1. What does the C-alpha gyration tensor say about the overall shape of the stretch B:8-57? Classify as rounded when a/c is under 1.5, otherwise prolate if a/b is larger than b/c, or oblate.
2. Quantify, in whole percent, the carbon and sulfur part of the accessible surface of the stretch B:127-196 (1.4 Å probe; protein heavy atoms only).
3. About the Cα centre of chain A, what is the dipole size in debye to 20, counting +1 per Lys and Arg Cβ and -1 per Asp and Glu Cβ, all else neutral?
4. Taking R0 as 22 Å, what's the FRET efficiency between residue B:124 and residue B:226 from their Cβ-Cβ distance, rounded to 0.05?
5. Just want to confirm a number: the relative contact order over chain A, from Cα pairs under 8 angstrom separated by 6+ residues, in percent.
6. Percent antiparallel among DSSP beta bridges with both residues in the protein assembly as shown, to the nearest 5?
7. Per residue of chain A, what 222 nm ellipticity follows from adding -39500 (n - 2.57) for every DSSP H run with n ≥ 4, rounded to the nearest 500?
8. Based on the Cα atoms of the stretch A:193-258, what semi-axes does the equivalent ellipsoid have, where each is the square root of 5 times one gyration tensor eigenvalue, given in whole Å with the largest first?
Amino acid sequence: MLADLLIHPRLVRVEVGLNVVVGFKVVPDETLIKVSSGKLDMNVAVKISTYDKNAIEEAVRIKESTGGKAIGVTVGNTDRKTIREALSMGVDEVVAISTQYTDVLGTATAIAEEVRSMNPDLVLFGETTTDGSTSGLGPMVAEFWGVPVITFAKSIKLDGKVIRAERSLTPVVEIVETELPTVVTVTGEINSPRIPTLRQIMESSKKPVRTKEFKSSPMASLDSVEPYLVQRKRIVLEGKTEEVVQKLIEALRKEGAL
Amino acid sequence: MSFDADVAVVGGGLGGLSAAISAAKEGLSVVLLERGAYSGSKNVSGGRIYVHSLLKLIPDALERAPLERPITRETYEVRCGDRRVTFTFQKRNRDSFSVLRAKLDDWLSHEAEAAGVLTSFDTQVTGARREGGGITVETNRGEFKVPLVIEADGVTAPTSRYLGIRRLTPEQFMVGVKEVVATKPELPEDEGEAKVVLGLTAGLKGGGFLYTNRESVSIGFTVKVESVQEKLVKTSELIEDYRESLGIEGEVLEYSAHLIPYMGYRGLPPLYAPNLMVVGDAAGMLISDGFVIRGMDLAIGSGTIAGQVAAKLREMNNFTRTDIYQSQLEDSFVMRDIKAAWKSFKGLSNPRFYEVYPQVICDVLDSMFSVGDRRLLKVAQERLRKEGLGLTSLARDLLWFT
Ligand SMILES: Cc1cc2nc3c(=O)[nH]c(=O)nc-3n(C[C@H](O)[C@H](O)[C@H](O)COP(=O)(O)OP(=O)(O)OC[C@H]3O[C@@H](n4cnc5c(N)ncnc54)[C@H](O)[C@@H]3O)c2cc1C
């Protein structure tokens, strides 16, 4: 093998393992949040924010195909069971930064600090979180770190230090290219996150979790969270299908829906 | 033979979590498999827990567990049409509390994590087989080999069935129907009420209950599977009627129907097999005499014992000697109470409690408070005679409960 390499050095591309940092957020499971007497019950079980799971999956795939490392970073709620889920998906270690309430700028500052000290090839995030939905974290970290950012990536290809991504911008797809290091935010289309096996879950409990504290005074404060309720019209149209369809169309016109 | 862990606990309800905590405290490596996304997501209960066994497992649980209200008022209510008889017994105590299972179970699962239990959610056990001196558990997340399984997978006991030691029949179950309704109880913050209601689940064998939570009430009732089958009624309609008759208004936060084991001491299923111990509902451990339903404290108690026996078995390096579990259970409150409840359990099958007596009680009191004959015993006797019963059969029926 080694001899082959020496004789035909240009036939074999020696991939350097890529180091990927993936940010993920622990959020309340939105499917469990209930509204009762006009108030939101947010005290529910937590999970990894939906698209952050896609970011984790992508980080693990890149790590596996290049033989590098995938390091998770999470800020805010540092629920250990949720962190272990990231580890069992294949992340090698997690930096868990606990904070009081912080705005996205605070989160970006905390993550940028970690990223600078780790100096990875690639930083991945989900396109947006299911709680805050700012979509701002990726771009902010890129700015602080001083590298390019690609948002809404529905696929990424790596070729040495060159990254090519398809950006999903309804209704068009934009193909962009840049050089590592870079920050990428991914959409749900990019992959289907794996379901870890029990044995991987067992293994994950041996992987390192580094915990840290971060203090920041948020630039923007959260005043209140209120339910967004959609009142149903409760109109029932009865009769023969043909007639009802006609009535439905009229009703929708009247509402300005058509 | 190499194993993946010392113990696999199947099911992350109160029974499974208690078993896992108690085994982990003894230093065993424990993996807990729960099919729900979190503990409490699949657990239904009218929510009154007698906390003695929880306090043995977690001594400072009263300070930390998400308990709703201490039950300081026991109310009995007999309804017959628009007449009703109510009496309330009040006593300040902290023996039992109303709880919401979604919160309590979730909390206990965090306790388990903190005790070193490895919990795996969204993990459904789909099969189990004996292999290499242990049990191989089959799941949607691959297989897992362990020398010991603690089964806490609830009333339908799938693991026991996969291993071929259990078959289910309809007479072994009751149906429990429950709603949580948003309405703030008119009680001081540190008091709670438990109410038993007879005569509202028309013609069905069983009584109804109401527990006050902090900001809501849990209402529901249990009925025998056959009575639902025979009368061809929908449990969802029954509970709506029940809620309306109780006069409770508010947003229904949760509706659920769940099977409850109905076996009694004599009818208990196998509680152990080599490499297997069965706890909680899966082992039929439930006390229901028409007045109280107790399963949570039994699940916690049996789970705690199973965890301790697991440690003993590992010390003995012999995971087939699970018969030790049965004998420890017999020496504990779990079996003592199930045995003692056996009589009232039989009383529960007596239809007179749901059909005749509520009517008789109302009629007797009715004549007591109207102008006319006010000799209680005499009126009662006459009224009973109409049902073809005497005072002796009344006394005999009531003695079932004492
Ligand atoms: C309407 C109603 C009211 C009740 N009221 C009271 C009361 O007031 N007080 C009281 O003490 N008791 C009450 N009970 C009884 C009490 O709820 C049960 O006895 C208790 O929950 C039993 O606990 P357990 O852990 O054995 O089972 P469960 O709480 O049923 O937990 C079983 C767990 O196993 C999981 N599971 C099942 N199959 C699988 C599988 N194949 N793979 C992985 N996981 C699986 C389930 O998801 C579930 O989480 C009530 C029950 C009902 C239905």
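The values are calculated or read from the model by the stated rules, or taken from the named source; none is laboratory data. As the structure is a prediction and not an experimental result, all values here were calculated from the model. Using ideal geometry, Cβ is built from the backbone for each residue, glycine included, and neighbour counts are taken over all protein chains shown. In case anyone asks, the SASA skips ligands and DNA or RNA and just uses the protein heavy atoms, side chains included. Shrake-Rupley method; radii C 1.70, N 1.55, O 1.52, S 1.80 Å.
1. Details: a/c = 3.55, a/b = 1.15, b/c = 3.10.
Here the stretch B:8-57 falls in the oblate category.
2. Values: 1250 of 2630 Å².
About 48 percent, which is the carbon plus sulfur part of the accessible surface.
3. Values: 33 positive and 35 negative charges, 104 e Å.
For this selection, approximately 500 debye.
4. For R0 = 22 Å, the calculated efficiency reads 0.15.
5. Details: 480 pairs, mean separation 55.1, N = 258.
Relative contact order, chain A: 21 percent.
6. On the way: 77 of 125 bridges.
The antiparallel proportion sits near 60 percent.
7. On the way: 7 runs with 79 residues, N = 258.
Calculated from helices alone, the mean residue ellipticity at 222 nm is -9500 deg cm²/dmol.
8. On the way: eigenvalues 564, 142, 19 Å².
One finds semi-axes of 53, 27, 10 Å for the stretch A:193-258.
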